[in-house]
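Below is one structure, written out as structure tokens; the observations come after it.
The values are calculated or read from the model by the stated rules, or taken from the named source; none is laboratory data. It should be emphasised that the depicted structure is a prediction, and the values quoted were computed from it without experimental measurement. As a convention, Cβ positions derive from the backbone with ideal geometry for all residues, glycine included, and neighbour counts pool all protein chains shown. Heads up: the accessible areas ignore ligands, DNA and RNA and are worked out on the full protein's heavy atoms, side chains in. Shrake-Rupley method; radii C 1.70, N 1.55, O 1.52, S 1.80 Å.
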Amino acid sequence: HDLSEEDRGTVELVLAEVLNNVAEHAYAGGSGPVEVGLFATPMGLACRIVDRGLAMPGGKLPDGVLPDVAPPDFPEGGFGWHLIRSLTADLT
């Protein structure tokens, strides 16, 4: 798929965040298989990530709401899902 350099960077960032969440939360510091698929569609690029780790809490994706704190009290995490949702057009 012919993506601009900026779009390739966005895809890389989203995939890095998603895969980091799989490693950190689905496998909780352990290990396991992860399948990554990238597909060209008429709407752009579709990505499919499949793992066999722990399910999402409540069986659904996080809302991606930013933590309600001001610097310098930002938490270590909590920004990934906001970033993922901000940079994607559709997420399931």
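Of all residues being among the small types (Gly, Ala, Ser) and farther than 19 Å from Ala55 by Cβ in segment 10-40, which is least open to solvent (accessible area, probe 1.4 Å)? Just the residue, please.
In this case the residue turns out to be Gly37.
The combined condition, being over 21 Å from Ser86 (Cα atoms), open to solvent by 50 Å² or more (accessible area, probe 1.4 Å) and of a type outside the set (A, V, I, L, M, F, W, C), is not fulfilled by Glu5. Within segment 60-75, residues that are exposed (fewer than 10 other Cβ atoms within 10 Å of the Cβ) reach partners that are assigned to a loop (DSSP other than H, G, I, E, B) and modelled with pLDDT under 80 with beta carbons closer than 8 Å, at six or more positions or on different chains, in the pairs Pro75/Pro67; Pro75/Val69.
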